[in-house]
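Coordinate-derived values only; no laboratory data. Just so we're clear, the structure is a prediction, and the values are computed from it rather than from any experiment. We place every Cβ from the backbone using ideal geometry, glycine too, and count neighbours over all the protein chains shown.
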Amino acid sequence: MAEKSLEELAALTGGSVKGNGKARITGFASLDGAHPGDITFAAEKKYYKAAASSRASAVIAASGIEGVENVLLVKNPLLAFARVVAALSPDDRPSPGISARADVHPGAKIGKGVSIQSFCVVEDGSEIGDGTVLYPGVCIGKGALVGAGCVLYQGVVIREGCRIGDNVIIHCNSVVGSDGFGYARDGAKYVKVPQRGIVILAEDVELGACVTVDRATIGETVIGRGTKIDNLVQIAHNVKIGEDTVIVAQAGIAGSTRVGSRAQLGGQVGVAGHITIGDEVGVGAQSGVTGDLPSRGVFSGMPAIPHGEWLRAAVVFPKLPELKKKIAELEKRLAELEEGPKGQKGQEG
Amino acid sequence: MAEKSLEELAALTGGSVKGNGKARITGFASLDGAHPGDITFAAEKKYYKAAASSRASAVIAASGIEGVENVLLVKNPLLAFARVVAALSPDDRPSPGISARADVHPGAKIGKGVSIQSFCVVEDGSEIGDGTVLYPGVCIGKGALVGAGCVLYQGVVIREGCRIGDNVIIHCNSVVGSDGFGYARDGAKYVKVPQRGIVILAEDVELGACVTVDRATIGETVIGRGTKIDNLVQIAHNVKIGEDTVIVAQAGIAGSTRVGSRAQLGGQVGVAGHITIGDEVGVGAQSGVTGDLPSRGVFSGMPAIPHGEWLRAAVVFPKLPELKKKIAELEKRLAELEEGPKGQKGQEG
Amino acid sequence: MAEKSLEELAALTGGSVKGNGKARITGFASLDGAHPGDITFAAEKKYYKAAASSRASAVIAASGIEGVENVLLVKNPLLAFARVVAALSPDDRPSPGISARADVHPGAKIGKGVSIQSFCVVEDGSEIGDGTVLYPGVCIGKGALVGAGCVLYQGVVIREGCRIGDNVIIHCNSVVGSDGFGYARDGAKYVKVPQRGIVILAEDVELGACVTVDRATIGETVIGRGTKIDNLVQIAHNVKIGEDTVIVAQAGIAGSTRVGSRAQLGGQVGVAGHITIGDEVGVGAQSGVTGDLPSRGVFSGMPAIPHGEWLRAAVVFPKLPELKKKIAELEKRLAELEEGPKGQKGQEG
């Protein structure tokens, strides 16, 4: 753990210090887990009371906090906290070097400062950019390109020909470039359509653990710059995803669909194939997107509809038995009314 | 890439040439990605306009296309395209041989022409059939049998005793034969029920990446011939799946359930345990199957109901708040009507 | 396979023998798969007929069964069967020893009787407890602690600093300690919040295959004693799960949520972040939990509501088009009635 003064952390985050800029910060913690020497953060005013009773030596916040001596004032406390943590506790990247227990083909091109650890396999024609780390058991297929500054954790597989941009992070046991799920019918049998395309991950993409990204049938499956994908997500062949999009765990996107930039797909969302989701679209967890969605909307449900509509309908759903009963009663009462005048007529007659 | 004449490709696919059978085909592409020398395909008439403006040297289609000089006429263009791609760009299978970096037990029986790559583990009593490829890091447990002509990609694990038929393909990091999820209650605690069965994958099965197929408690979990399973699918213990069935990504089938032949389960479908799904059943994406489904139906929703019914109900769902309001209004108006005559009576009295 | 007398099995399970206690039991099977020499079980009375026609030499049941000569009488037949199977067919654990093909750092502390198989990586500062088995390709990160009596199957990764209790079982290709999915916005871009916490799995936890458990941002992600987690489940950062809870395949729990003890989450359930699910809660398959759930309830649907309510509403759902039509008819008939008197008035006038 590095040690910094509060002033140094202010310079690092573009913030200012309210209190003692010379205070020594030696660690970081949550509001309630902090000890003296730690810095913590209060993302919103609702956490200010907890901040006041925290034992932390400083709090990152967007304004002064009553009862807190040292505040690191910034516009975006979470962002500043991310930077402070990275400064106090830098990534523990392994030393460069190629393990004698790795299998690196002489035809692979390895950059400077690369770490290739035990039981990795780097095949012919592949390239690994400067400073990239391959943790144990990573496999890089023939002709695959991995950029500079990437971190590929244990068990990741990049199949042949795929292209990974700079500063990409891929967590354990994820698979990039598995065959797309494509078959032609021959009577009742399925004949495999060879999957001859690739996957392109642009720079700054992060994939969680056990994520699967299928190679295109022809052409490319593409995940755009800065897009972040959580664990156990499925991206099918020929999907194109824009930049700075977020896809939460266990979501799945079917073949040839396009998802825009700055979109957010919730956990366990399913998206049908061959459709288009616009930029800045939000999709609620577990929703099923069955058709195109225009930019900047928020959608929920299966099939997905505008989120507000879905919320209002979902509230009524549990009342369905009651509504059904009311309709039956209305029918009965109405029938009686309809009968009524006739009866009266009869009496009148 | 191999080079073929259009005539040769016609012979290969059982089709005929309209145009120049001597045309040299050197590659394949999508309609809009094609260059001269490429062959492409138009699966349906709606693509004929795009075919006419494609730069491809030939188009595979079910009929002649206005504006396209060379057409490879076949009944099933996608099937023909699959075969043409396989002919032009054969699988790049690694050379036979056992890597010095693999750990192959002397008690394992290895067929002819097998490729066992770096860091594979093949345990005692297992058998690997002729021509099978084990990519790096594949583990074959004790006594497991793998057929001929199989391709097991990086990180696949076949646990002890399981049996894999000929020509099976399994993508990266999938697991065959993990323990079924079975426990007996002992008060509040769970005691593991030992899972002593196996998994059988029949010939021509394909499993995607990060698929899990659990071994049976006793007996077998079975996936029938030609069944194709997409990424991240869960098959629980003692499940039996028929032939030529298709299961799309992230679907899950609970224990002891039977799924028929030529069925199609959509993405993220969940199927309850101990039920039976008939032959040729279709289940829409994200549906939840909670009871037996008869053969040849199509079902959707949670719980799954006939697809047409589900579609009609799903259209009404967003109108629930409006329907609720209408019912309240009807009640009010009806009450007024019911009151009305009394009022009139009062006036009459 | 060990051989036991029925008497011995009765002693082992705390049961008693009805019939011949000297009967030799040489195997176990399902009711319909049994051969002479096998023991089987009938968990409930509905299986007694099948038990009577089984070829098994003995049946485990809670009472005598007409037509069955040898019954092992116990309170909980499934629990007794679990113990009988474990006795007849003990786990085939590999011999202790560290493979010459493993990469074990000299700074790792390895207990007695440990098996570390080919291509495992055990990093500096980690500890492996007595009798633990690491199947091929398991990776134990720096400073990670693995208890005694654990079984980690092929391809499991325990990332740095995580702590695994005694007698934990983790199935193939599961990942413990991958980074939590946490980012701060910097304009449109996402900046990674370093994930510096760990994962703690208490004793007797079992994780299925391809499970992902993310490390905490700060502090710990915790899975309590005896909790059992099925394949392809996602546990996000900072989640805390109690003891003896069961989570079925493909369920996912979002960040910072707490799940109580003895709870049961069905397959494909999704649980939102930052909420609390009480003890002994049941959640039906595919449900989506969007808010706190009190202890001891059963919930279903998305959003999850009390199970009974959900069941009753789900039955009405397919009738929505019919209800909508009835409402339209009621409106029409009511309008006619409302018109009616006016019309009559007109005629009267």
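Classify region A:121-250: rounded, prolate or oblate, from the alpha-carbon gyration tensor (a ≥ b ≥ c, eigenvalue square roots; a/c under 1.5 rounded; otherwise prolate if a/b is larger than b/c)?
On the way: a/c = 1.85, a/b = 1.45, b/c = 1.28.
The shape class here is prolate.
Think of it as helices only: each DSSP H run of n ≥ 4 in the protein assembly as shown is worth -39500 (n - 2.57), and spread over all residues that comes to -6000 deg cm²/dmol at 222 nm.
Look at the stretch C:266-273: the mean tally of other chain Cβ atoms within 10 Å of its residues' Cβ atoms is 6. Within chain C, the proportion of Cα pairs with more than 28 Å between them is 61 percent.
log₁₀ I(q)/I(0) of region A:57-140 at q = 0.10, 0.18, 0.26, 0.27 Å⁻¹, via Debye over equal Cα point scatterers, no solvent, to two decimals? Once normalised to I(0) and log-transformed, intensities are -0.46, -0.73, -1.17, -1.22. Working value for the protein assembly as shown: equivalent-ellipsoid semi-axes of 47, 38, 38 Å, each the square root of 5 times a Cα gyration tensor eigenvalue, largest first.
Filter the cross-link list A:LYS22/A:LYS49; A:LYS18/A:LYS46; A:LYS109/A:LYS228; C:LYS142/C:LYS192; A:LYS192/C:LYS189; A:LYS18/C:LYS192 down to pairs whose alpha-carbon distance in this structure exceeds 31 Å.
With Cα atoms farther than 31 Å apart: A:LYS192/C:LYS189.
Restricted to Cα atoms, region A:4-88 shows a radius of gyration and a Dmax of 10.7, 28 angstrom.
Within chain A, what is the longest stretch that has no trypsin sites (Lys or Arg not before Pro) placed in a DSSP loop and near at most 12 other beta-carbon atoms within 10 Å? Result, exposed sites excluded: A:113-349.
Using the Karplus relation 6.51 cos²θ - 1.76 cosθ + 1.60 with θ = phi - 60°, the per-residue 3J(HN,Hα) values for region A:152-164 come to 10, 7, 3, x, 5, 10, 10, 6, 3, x, 6, 10, 10 Hz, with x marking Gly and Pro.
Taking amide H as placed 1.01 Å from N in the peptide plane, A:ILE305 has its amide H under 5 Å from the amide H of A:SER300, each at least 5 places away in sequence or on another chain. Excluding same-chain residues fewer than 8 positions from A:LYS332, which aspartates and glutamates have a Cα within less than 15 Å of its Cα? A:LYS332 reaches B:GLU331, B:GLU338, C:GLU329, C:GLU331. Rounded to the nearest angstrom and listed largest first, the equivalent-ellipsoid semi-axes of region C:232-315 from its Cα gyration tensor are 19, 13, 11.
Using Cβ point charges alone (K and R +1, D and E -1), the dipole size of region C:190-241 about the Cα centre works out to roughly 260 debye.
What does the structure give for B:227-240 when I average, per residue, the other chain Cβ atoms found within 10 Å of the residue Cβ?
Working: counts 1, 5, 1, 9, 16, 13, 5, 12, 2, 6, 0, 1, 0, 0.
Across B:227-240, the average partner-chain Cβ count within 10 Å equals 5.
Rounded to the nearest 20 debye, the dipole magnitude of the protein assembly as shown is 1100 debye, with +1 charges on Lys and Arg beta carbons, -1 on Asp and Glu beta carbons, and the Cα centre as origin.
Peptide C:283-290 shows a mean partner chain C-beta count of 5 within 10 Å per residue C-beta.
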